[in-house]
Amino acid sequence: MTPHASTTYLLAGGGTAGHVNPLLAVADALRAREPEASVLVLGTKEGLEARLVPERGYELLIVDKVPFPRRPNAAAVRFPVAWSRAVAQVRRHIRERGVDVVVGFGGYASAPAYVAARREGIPYVVHEANARPGLANVLGARRAAGTGVVFEGTPLRGARVVGMPLRREIVDLDRAALRAEAAAAFGLDATRPVLLVFGGSLGARRLNETLAEAWPEIVAAGWQILHAAGERNEIVDSAHPDYRVVPYLDRMDLAFALADVVVARSGAATVSEVTALGIPAVYVPYAVGNGEQALNAAAAVRAGAARLIPDGEFTPDRARQEVVTLLSDPETLGALRAAAEASAPAARAGTAAVVALIDEALGRSAR
């Protein structure tokens with residue numbers, strides 16, 4: 001069976017960029033392959049999807065945000081009614097739009113979507129970005145037609161490693177061709193190595209505080225630094241030509257084109273994109289949460305493509321000892337780069353692998 005014009009896909013997820021970006025990557029791939037098909041997105045009014053999905057040209061169907069209760073309180077008492085209403089909302093969307101398959105990426109929209117799909121008798125597929133899965137996907141994977149994960153060892157029933165669906169601007173990025181333009185955009189020298197440091201749109205205090213003290217030694221080792229410190233950072237720009245501090249990077253493609261080494265948090269999307277581009281990295285996992293960021297980085301570290309420094313240990317002294325030493329050692333850095341480049345091709349295949357999983361759920365043969 002091959003894709004046909006009447007196919008209607010419902011992609012569910014949102015809340016954060018970690019859920020929305022892979023969803024949109026798969027949506028774009030489906031739309032490119034089947035222009036006549038209907039690709040719909042299910043999300044909440046509150047999540048990042050409420051802005052990003054319409055901007056990308058997709059119709060957003062709304063479901064109520066119903067967090068799972070974590071403790072016995074008033075919200076827990078209201079949960080059964082709110083949950084039933086959310087599932088009913090999705091079932092109505094499925095019937096009215098003639099949905100053939102649901103694909104969930106985690107987040108508040110996914111859990112009711114899985115239940116609704118099962119009750120409506122249509123297949124659903126689960127994709128989990130983090131090495132430690134969220135509750136919605138743990139529950140959804142139990143009866144899914146297919147479950148794809150980014151990292152080996154992710155504890156989900158029936159999980160298959162498919163990788164992270166990535167934006168075309170990352171998958172198709174020609175770093176060498178863009179390097180001169182990127183250097184000009186950030187006021188750096190394209191002929192000299194660049195360390196890219198970032199910690200998300202709001203920055204990462206640990207990274208900022210450490211770089212604020214350790215940057216002179218990095219520059220003295222012959223490196224330039226491009227540091228996205230976050231919109232709420234308190235770093236005072238040094239005005240040194242080799243240490244560029246910016247609030248955020250609205251052209252991440254240019255930043256990646258310029259990066260010879262990355263120092264960053266290890267969210268699933270960051271690890272996947274850096275790996276896909278073959279850039280060696282030093283990851284400093286965010287210490288708050290359930291520890292998934294350290295697990296996200298584990299495969300890259302095992303492959304020899306990255307180093308990991310725990311958040312509490314990423315001090316100026318540790319940065320001088322480990323990061324500066326690494327940047328000053330061409331042989332060790334070369335081995336790290338070679339391992340990163342070897343890991344890149346597989347990391348770029350996530351979108352196609354998820355689309356193949358969807359085809360399997362629909363009973364289609366591989367294309």
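The values are calculated or read from the model by the stated rules, or taken from the named source; none is laboratory data. Not measured: the values here are computed from a predicted model. Neighbour counts run over all protein chains shown; Cβ positions are idealised from the backbone, glycine included. In case anyone asks, the SASA skips ligands and DNA or RNA and just uses the protein heavy atoms, side chains included. Shrake-Rupley method; radii C 1.70, N 1.55, O 1.52, S 1.80 Å.
Would you compute, from DSSP H runs of 4+ residues alone, the mean residue ellipticity of the chain at 222 nm, taking -39500 (n - 2.57) per run and dividing by the full residue count, rounded to the nearest 500?
Estimated from H runs of four or more residues: -13000 deg cm²/dmol.
Can you give the Rg to Rh ratio for the stretch 73-133, taking only C-alpha atoms and Rh from Kirkwood?
On the way: Rg = 12.8 Å, Rh = 12.4 Å.
Across the stretch 73-133, the Cα-based Rg/Rh ratio is 1.03.
Let me know the longest stretch in the chain that avoids all GluC sites (Glu not before Pro) found in a DSSP loop with at most 16 other C-beta atoms within 10 Å.
Values: sites that count: E36, E46, E152, E231, E234.
It works out to 235-367.
What FRET efficiency do you get for A32 and D317 if R0 is 35 Å and r is their Cβ-Cβ distance, rounded to the nearest 0.05?
Using R0 = 35 Å, I get an efficiency of 0.10.
Stretch A338-V288 to full length: gain in nm at 0.36 nm per residue minus the Cα-Cα span?
Here the segment from A338 to V288 would lengthen by 14.8 nm.
Which value in Å does the Kirkwood hydrodynamic radius of the stretch 96-184 take, with 1/r averaged over all unlike C-alpha pairs and then inverted?
14.6 Å
Which one of F79, L333, V274 is farthest out on the positive end of the charge dipole of the chain, using unit charges on Cβ (Lys, Arg +1; Asp, Glu -1) and the Cα centre as origin?
Comparing the listed Cα positions along the dipole, F79 ranks first.
Using a Gaussian network model on the chain with a 10 Å cutoff between Cα atoms, which of A339, A113, A129 fluctuates the most?
So, out of A339, A113, A129, the one fluctuating most is A339.
Using Cα-Cα distances under 8 Å and only pairs 6 or more residues apart, what relative contact order does the chain have, in percent?
Reported as a whole number, the value is 16 percent.
How big is the convex hull of the Cα atoms of the stretch 322-367, per residue, in Å³?
Values: hull volume 3.5 nm³, N = 46.
Here the figure is 77 Å³ per residue.
Run the simple label-point estimate for D189 and R95 please: 7 Å along Cα→C-beta, distance reported in nm.
6.9 nm
Between I235 and V81, what length comes free when the chain is fully extended (0.36 nm per residue of separation minus the Cα-Cα distance, one decimal in nm)?
50.7 nm
Using Cα centres only, tell me the gap between the stretch 165-211 and the stretch 311-367 in whole Å.
Each part reduced to its Cα centre gives a spacing of 15 Å.
Once Rh is set to the Kirkwood radius over Cα pairs, what Stokes-Einstein translational diffusion coefficient, in µm²/s, holds for the chain at a temperature of 10 °C and a viscosity of 1.306 mPa s?
74 µm²/s
In the stretch 234-367, what is the volume of the convex hull around the alpha carbon atoms, normalised per residue and reported in Å³?
Cα convex hull per residue, to the nearest whole number: 158 Å³.
Looking only at G289, G267, G15, which one moves most when the chain is put into a Gaussian network model with springs between Cα atoms under 10 Å?
Maximum among the listed residues: G289.
Between E152 and E209, what is the label-to-label distance in nm when each label sits 7 Å out along the Cα-to-Cβ direction?
3.6 nm
Can you bin the stretch 14-76 into rounded, prolate or oblate? Criterion: square roots of the alpha carbon gyration tensor eigenvalues sorted a ≥ b ≥ c, rounded for a/c under 1.5, prolate for a/b above b/c, oblate for the rest.
Note, shape of the stretch 14-76 comes out prolate.
Compute the accessible area per residue over the stretch 1-106, keeping the other protein chains in place, probe 1.4 Å, unit Å².
Accessible area per residue: 47 Å².
So if I place +1 on the C-beta of Lys and Arg and -1 on the C-beta of Asp and Glu, and nothing else carries charge, what would the dipole magnitude of the stretch 84-241 be about its Cα centre? I want it in debye, nearest 20.
Rounded to the nearest 20 debye, it is 1320 debye.
Are there trypsin sites (Lys or Arg not before Pro) in the stretch 221-315 that DSSP marks as loop and that have at most 16 other Cβ atoms within 10 Å, and which are they? Before the final figure, lay out each step's value.
On the way: sites: R232, R244, R251, R265, R302, R307; in loops: R232, R251, R265.
Here the trypsin sites (Lys or Arg not before Pro) that fit, given the DSSP loop and packing criteria, are R232, R251.
Computed from the mean reciprocal separation of all distinct C-alpha pairs, what Kirkwood hydrodynamic radius does the stretch 1-106 have, in Å?
On the way: mean 1/r = 0.0683 Å⁻¹.
This gives a value of 14.6 Å.
Helix 110-120 versus the longest principal axis of the chain: what angle, 0 to 90°, nearest 10, using Cα atoms?
30 degrees
Using the crude model of +1 on Lys and Arg Cβ and -1 on Asp and Glu Cβ, and no other charge, please compute the dipole size for the chain relative to its Cα centre, in debye to 20.
Approximately 1780 debye in magnitude.
If you build a Gaussian network model of the chain, linking Cα atoms that sit under 10 Å apart, which residue out of S343, S266, S84 swings the most?
In the Gaussian network model the winner is S84.
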